[in-house]
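The values are calculated or read from the model by the stated rules, or taken from the named source; none is laboratory data. None of these values were measured; they are calculated from a predicted model. No Cβ is skipped: glycine too gets one built from the backbone with ideal geometry, and neighbour counts run over all protein chains shown.
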Amino acid sequence: MAMTRPLVSLLKSRLALNPPEPAAAPDLVSAAVLAPLFFKEGEEAHLLFTQRTLTLKDHQGQISFPGGVRRPEDPDLLTTALRETREEIGLDPRVVELLGTLAPLATMTGYHITPFLGLIPHPYEFHPNPQEVERLLLLPLEGFFDPARWSSRAYHYQGRNTRVCDWRGDGELIWGATARILLNLLALLDQHPIPGDRHATCLD
């Protein structure tokens with residue numbers, strides 16, 4: 001699949017079909033992330049990720065999309081995603097073109113995450129917050145299409161057993177909620193690197 005601008009139109013058309021986001025369960029913390037999409041050198045689609053520092057409360061050291069917990073003053077979850085992204089990497093919300101909302105998901109760690117897909121400019125001068133962000137990763141979207149880079153495994157967390165999905169490439173590991181968000185995004189592009197039955201069992 002050619003990674004050119006028509007990809008944006010395709011994603012917009014398919015994201016428009018998403019149902020309204022369900023309310024978070026009362027025992028879960030509402031959160032939102034931004035999946036920043038950009039075109040490197042005008043052609044190849046990439047996604048931006050952050051690696052979390054080891055000093056954060058949850059998911060230390062993991063690769064994730066920028067985002068965080070909704071504050072009482074946030075009028076909606078999109079505001080949360082854009083505010084947290086600005087705080088983490090210095091991305092001005094005014095330069096983000098919202099493409100749509102991906103399927104929300106709950107995590108075993110107690111969060112209800114709503115992911116937003118947004119088109120951002122490239123190049124851009126990011127300013128990562130050293131207290132939250134260890135480094136930025138700019139990875140080609142097409143690199144997530146390869147089934148050989150995906151796997152699923154058993155995972156034990158606080159006395160509960162589940163399964164997680166992993167993506168490995170160029171020495172990097174993406175797993176848990178971020179991997180699930182990626183798989184939902186890939187499904188919009190008719191890419192299914194993990195068979196449906198195993199994808200459905202990747203619960204965190």
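Some points to look at:
- Hey, Arg163 touching a Phe, Trp or Tyr at 6+ places or on another chain (Cβ under 9 Å), of a type outside the set (A, V, I, L, M), surrounded by fewer than 18 Cβ atoms within 10 Å (Cβ to Cβ) and not in a loop (DSSP other than H, G, I, E, B) or not: yes
- Meeting the requirement of 3 or more residues that are within 20 Å of Asn184 (Cβ to Cβ), the strands (runs of 3 or more DSSP E) wholly within region 61-134 are 97-101, 111-119.
- Checking Gly118 against (1) of a type outside the set (Asp, Glu); (2) over 16 Å from Leu11 (Cα atoms); (3) within 16 Å of the chain's Cα centre (by Cα), the condition it does not meet: (2)
- Top-ranked residue in region 166-195 [being assigned to a strand (DSSP E or B) and surrounded by 19 or more Cβ atoms within 10 Å (Cβ to Cβ); ranked as farthest from the chain's Cα centre (by Cα)]: Trp167
- Filter pass, Val133 being hydrophobic (A, V, I, L, M, F, W, C), buried (at least 18 other Cβ atoms within 10 Å of the Cβ) and either in contact with an Asp or Glu (Cβ under 8 Å, 6 or more places away or on another chain) or more than 23 Å from Val164 (Cβ to Cβ) (or both): yes
- Top-ranked residue of region 85-101 - restricted to ones that are hydrophobic (A, V, I, L, M, F, W, C) and either at pLDDT below 95 or surrounded by 15 or more Cβ atoms within 10 Å (Cβ to Cβ) (or both), ranked as farthest from Leu10 (Cα to Cα): Ile89
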